[in-house]
């Protein structure tokens, strides 16, 4: 078993996705984009899940919604040019060993992200050594990713999860609300739909996690272009911004 797969298994066993209560972002202390050259950000194909939520709360994936949502989010990310990047390029799909490397690092980022969400960004389960600072990394081997897309400075990971409440679920939500009101505020709480997501930026030279933003109650219907643009704006809130790139010195 590769060291990356072992790290994924260990991290997954120790970290579960927390019940997020609010939006939260963090940036590695002291980080700033370089100003001596324009930056190029590589984007992993977004992890997108879109489906319907039944009256009983079960979720059913919808392939068409997911496909449309992923396309819309990718288009919106390109247009957004996070941090003022000179170029935003998507890491191409690969085959064979290269595909395995991409899959390993995608899984490793997911495990690290879950740890950050549970033990750093949100209150309630913070480890004593993680209450301050922002020291997380995928390791220097992540530089291999830049080679698959013609070079890059940073890698951006994006994950969204959207479950749209069915008519039955919405009716159940209404009935529960009416029953609670009639009982003087005592009763079950039923929610309809789930819309969450997070994004993280990795330094491709060091593997360090530079920035991360998470939100358990996101807006924007990612199934259409305008909604996806709104979602991407939320995902990129508090994203580091590159200061003006210094002009190259004129040749004598």
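Readers should treat all values here as calculations from the given coordinates under stated rules, not as data from a laboratory. Quantities reported herein were computed from a predicted structural model and do not represent experimental measurements. Glycine gets a Cβ as well: all are built from the backbone with ideal geometry, and neighbour counts include every protein chain shown.
Numerical summary
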| quantity | calculated |
| --- | --- |
| Order of 244, 137, 196 - criterion: other Cβ atoms within 10 Å of each residue's Cβ, fewest first | 244, 137, 196 |
| Peptides ranked, highest mean first, by Cβ atoms within 10 Å: ranges 92-104, 217-229, 66-78, 199-211 | 199-211, 66-78, 217-229, 92-104 |
